[in-house]
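Peer 1: Just dropping this structure here.
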């Protein structure tokens with residue numbers, strides 16, 4: 001089973017055909033997109049993916065057509081919980097319940113530590129409820145590790161480390177711990193802010209976790225694609 005996780009930047013806009021092309025190229029089983037927008041570009045993504053076999057879809061709640069959302073498209077059936085009981089999380093987080101595992105798709109909006117803290121508290125609560133299950137968490141966390149190997153250390157807030165403290169496993173780091181890669185790169189600085197975390201019961205199913213940087217380099221988005229592969233869906 002292959003899960004593609006990608007921030008498509010401001011809804012995709014005129015880059016939408018290229019975004020769809022790159023998703024199809026990687027041929028994932030599940031697609032999770034961030035900064036997705038419920039406008040005609042978003043409609044195009046949904047329709048093109050639907051006719052390509054991703055008939056099960058969910059999108060987080062949206063304030064307007066210009067609001068960033070989280071979107072899941074899947075070849076496998078799931079039940080979506082958009083966390084409507086938490087107004088901070090509902091526009092950005094989807095919990096997808098599959099038959100034998102749970103996928104949590106997350107977009108953390110930018111802001112300072114004080115602004116982010118209520119969101120993270122709600123996210124930790126949502127994770128805690130599902131921690132003992134086969135849980136996969138993917139997303140753009142707009143946050144990076146307090147790690148001397150990374151650029152921009154002074155702005156790390158420790159939220160990513162907290163996920164590890166909860167017992168979650170950073171899938172990319174688990175496979176690539178000796179590497180230094182950035183999932184977003186500005187004019188001067190590079191940051192690894194896109195992650196996949198898995199609960200301990202999921203670890204034995206993990207096959208690979210890697211970034212495709214071509215999409216960022218070619219400016220299809222300002223983020224690289226994160227792909228995580230697990231043992232066959234039927235094994236779950």
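Peer 1: Multiplying the sequence separation of residue 113 and residue 47 by 0.36 nm and subtracting their Cα-Cα distance, what value in nm do you get?
Peer 2: This chain segment gains 20.0 nm when fully extended.
Peer 1: On a C-alpha basis, how far is the centre of the stretch 80-145 from the centre of the stretch 41-77 in Å? Whole number, if you could?
Peer 2: When both Cα centres are located, 18 Å separates them.
Peer 1: What translational diffusion coefficient, in µm²/s and rounded to a whole number, does the Stokes-Einstein relation yield for the stretch 2-235 at 20 °C and a viscosity of 1.002 mPa s, taking the hydrodynamic radius as the Kirkwood radius over Cα pairs?
Peer 2: D, rounded to a whole number, is 121 µm²/s.
Peer 1: Now, a different point. Hey, any idea what the orientation-averaged projected area of the convex hull of the stretch 1-85's Cα atoms comes to, in nm²?
Peer 2: Across all orientations, the stretch 1-85 yields a mean hull projection of 5.3 nm².
Peer 1: Report the gain in length on full extension from residue 10 to residue 189: 0.36 nm times residue separation, minus Cα-Cα distance, nm rounded to one decimal.
Peer 2: Taking residue 10 through residue 189 to full extension adds about 62.4 nm, to one decimal.
Peer 1: Another question about this same structure. Any chance you could run the full-extension gain for residue 219 through residue 86? It's 0.36 nm times the residue separation minus the Cα-Cα distance, nm to one decimal.
Peer 2: 44.5 nm
Peer 1: Give me the one-decimal nm value for the distance between modelled label points at residue 176 and residue 162, 7 Å along each residue's Cα-to-Cβ direction.
Peer 2: 2.6
Peer 1: Quick one: which of 158-167, 68-77 comes out on top by average Cβ neighbours within 10 Å, and what's the full order, highest first?
Peer 2: Peptide ranking by packing, descending: 68-77, 158-167.
Peer 1: Would you please put 89-95, 16-22, 61-67 in order of how densely packed they are, using the mean number of other Cβ atoms within 10 angstrom per residue and starting with the highest?
Peer 2: 89-95, 16-22, 61-67
Peer 1: Among bridges DSSP assigns within the stretch 8-165, what percent are antiparallel (round to 5)?
Peer 2: Percentage antiparallel, nearest 5: 75.
Peer 1: What percent do you get for the relative contact order of the stretch 2-235 when only Cα pairs under 8 Å and 6+ apart count?
Peer 2: Averaging sequence separation for qualifying contacts and normalising by length gives 18 percent for the stretch 2-235.
No value in this document is a laboratory result; all are computed from the given coordinates. Computed from a predicted model, the values in this text were never measured in an experiment. We place every Cβ from the backbone using ideal geometry, glycine too, and count neighbours over all the protein chains shown.
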